[in-house]
Amino acid sequence: MTRAFSGIQPTGDIHIGNYFGAIQNWVELGRRLGKQALFCIVDYHAITIPYRAEELADRTFEAALVNLAAGLDPAQTTLFVQSSVPAHTELTWILLTQTPLGDLERMTQFKDKSGQHSVLTGLLAYPALMAADILLYRADTIPVGEDQDQHLELTREVARRFNFLYGETFPEPRALHTEKALRVPGTDGQSKMSKSKGNTIGVLESPGQIAQKLRLTPTDPARVRRSDPGDPGRCTIYTYHQLFSTDATVQMVNWECRRAGIGCSDCKALLLRGIERELTPLQQRAAELRRQPDQVHQALEQGRREAAALAEPTLEEVRSRIGLYGAKRTSSGLQ
Ligand code: AMP
Ligand code: TRP
């Protein structure tokens with residue numbers, strides 16, 4: 001592993017799916033890889049579906065704040081905003097010209113989202129922008145949830161095609177998944193937790209708000225009465241216990257549920273304790289950063305400079321390889 005890159009969209013409040021599926025992994029990688037770990041708030045991705053212009057900058061700030069509050073250290077790693085480094089969109093255009101339409105059309109995320117909104121071509125091009133994010137830094141390790149596997153496969157194909165046509169330029173990136181939480185389920189008990197589905201637990205929500213959501217979260221559907229034994233394997237609350245509670249609590253809950261020793265509301269109350277233990281320190285750091293917004297702005301500005309310094313040479317090489325006039329002139333010394 002030489003360089004890690006990942007992105008998160010500033011589209012809504014960051015939830016525990018993002019936290020366990022992505023951010024915790026980022027913090028850990030940042031500790032191990034230092035400046036070879038780059039994390040990006042991908043605002044150009046966020047505008048591929050209808051959004052509110054007046055909220056975008058605030059949401060971008062919030063996403064950065066949550067990452068910093070979760071323990072990402074800007075002195076040690078690089079955290080920046082995608083649109084602050086124009087090389088991302090420039091490389092996207094170049095890659096788009098090399099990408100078959102069919103490859104983009106068959107992406108399941110594109111098919112899902114285009115069913116929900118009117119289809120803008122930016123939504124179709126989304127994976128090419130993601131490929132550019134990664135290839136611009138020649139990153140080889142991509143910490144993401146498994147929902148991004150198909151986009152990464154496409155990124156590898158784009159890299160391979162480019163290398164074949166223009167010479168070895170990009171390494172082929174690989175996904176890095178957390179063992180713990182590949183797919184955090186939503187509080188509706190139906191589907192993956194997702195900003196667009198309204199089934200989230202936000203990392204900055206108060207215990208009261210979270211308790212309210214947990215109250216409505218369905219448990220094992222076969223456990224109708226308090227005296228019925230339950231199956232933790234079919235219960236969203238149990239999945240959350242595995243994320244938040246101590247091993248001892250997880251074992252106890254598993255055992256007691258199966259023999260109807262505890263009811264679902266006791267089980268939810270126990271879960272809430274684990275959630276508070278995990279999220280309270282993060283929420284305190286978030287409140288401190290909110291009082292000192294310049295710390296967030298400065299971290300992002302420093303990240304922008306670091307990212308741009310890495311991106312520029314790659315973009316120059318690409319420009320030259322595909323034969324652009326300006327690039328050829330500079331590389332052959334003709335000014
Ligand atoms: P997004 O919210 O789509 O910008 O996703 C940011 C990161 O969080 C990506 O790496 C996703 O794979 C990850 N992620 C989003 N939702 C979940 C979920 N419910 N479970 C696990 N990981 C998730
Ligand atoms: N598409 C990713 C998501 O929704 C976000 C993303 C954009 C990303 N660019 C990236 C993730 C580059 C990893 C690497 O989760």
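The values are calculated or read from the model by the stated rules, or taken from the named source; none is laboratory data. The shown structure was predicted, so the numbers you read here are calculated from the model rather than taken from an experiment. Note: ideal-geometry Cβ built from the backbone for every residue, glycine included; neighbour counts use all protein chains shown. What goes into the accessible areas is simple: the full protein's heavy atoms, side chains included, and nothing from ligands, DNA or RNA. Shrake-Rupley method; radii C 1.70, N 1.55, O 1.52, S 1.80 Å.
Taking region 152-168 as the range and being under 20 Å from residue 7 (Cα atoms) and polar (S, T, N, Q) as the test, only 155 passes.
Every condition in (1) within 14 Å of ligand 2 (Cβ to nearest atom); (2) open to solvent by less than 20 Å² (accessible area, probe 1.4 Å); (3) not charged (D, E, K, R) holds for residue 186 except the one numbered (1). Residues that are open to solvent by 60 Å² or more (accessible area, probe 1.4 Å), within 16 Å of ligand 2 (Cβ to nearest atom), touching a helix residue (DSSP H, G or I) at 6+ places or on another chain (Cβ under 7 Å) and farther than 23 Å from residue 59 by Cβ do not occur anywhere in region 123-137. All of 24, 36 fail the test of being within 11 Å of ligand 1 (Cβ to nearest atom) and of a type outside the set (A, V, I, L, M), apart from 24. Would you check which residues across region 76-117 are farther than 17 Å from residue 152 by Cα and either free of Cβ contacts under 8 Å to residues at least 40 places away in the same chain or of a type in the set (A, V, I, L, M, F, W, C) (or both) and list them? Those that are farther than 17 Å from residue 152 by Cα and either free of Cβ contacts under 8 Å to residues at least 40 places away in the same chain or of a type in the set (A, V, I, L, M, F, W, C) (or both): 79, 80, 81, 85, 86, 87, 93, 94, 97, 112, 114, 115.
Looking at region 131-158, which of its residues are over 12 Å from the mean Cα position of the chain (by Cα), within 18 Å of residue 170 (Cβ to Cβ) and within 16 Å of ligand 1 (Cβ to nearest atom)?
Of everything in region 131-158, those that are over 12 Å from the mean Cα position of the chain (by Cα), within 18 Å of residue 170 (Cβ to Cβ) and within 16 Å of ligand 1 (Cβ to nearest atom) turn out to be 131, 133, 134, 139, 141, 151, 152, 153, 154, 155.
Here residue 266 passes the criteria (1) assigned to a loop (DSSP other than H, G, I, E, B); (2) over 24 Å from the mean Cα position of the chain (by Cα); (3) surrounded by fewer than 17 Cβ atoms within 10 Å (Cβ to Cβ) except the one numbered (1). Pull up region 183-214, narrow it to residues that are in a loop (DSSP other than H, G, I, E, B) and among the hydroxyl-bearing types (Ser, Thr, Tyr), then point me to the one that is nearest to ligand 1 (Cβ to nearest atom). Once the filter is applied, the top-ranked residue is 194. Those helices (runs of 4 or more DSSP H) of region 13-107 in which 2 or more residues are open to solvent by less than 20 Å² (accessible area, probe 1.4 Å) and away from ligand 2 (no atom under 13 Å from the Cβ) occupy 24-33, 53-69, 87-96.
Of all the numbered requirements in (1) among the small types (Gly, Ala, Ser); (2) in a helix (DSSP H, G or I); (3) closer than 30 Å to residue 2 by Cα, residue 175 misses one, and that requirement is (2). Assess whether residue 283 counts as being part of a helix (DSSP H, G or I) and exposed (fewer than 14 other Cβ atoms within 10 Å of the Cβ). No: the conditions fail for residue 283.
When residues in region 158-171 are screened for being surrounded by 15 or more Cβ atoms within 10 Å (Cβ to Cβ) and either touching a helix residue (DSSP H, G or I) at 6+ places or on another chain (Cβ under 7 Å) or small (Gly, Ala, Ser) (or both), 5 of them pass.
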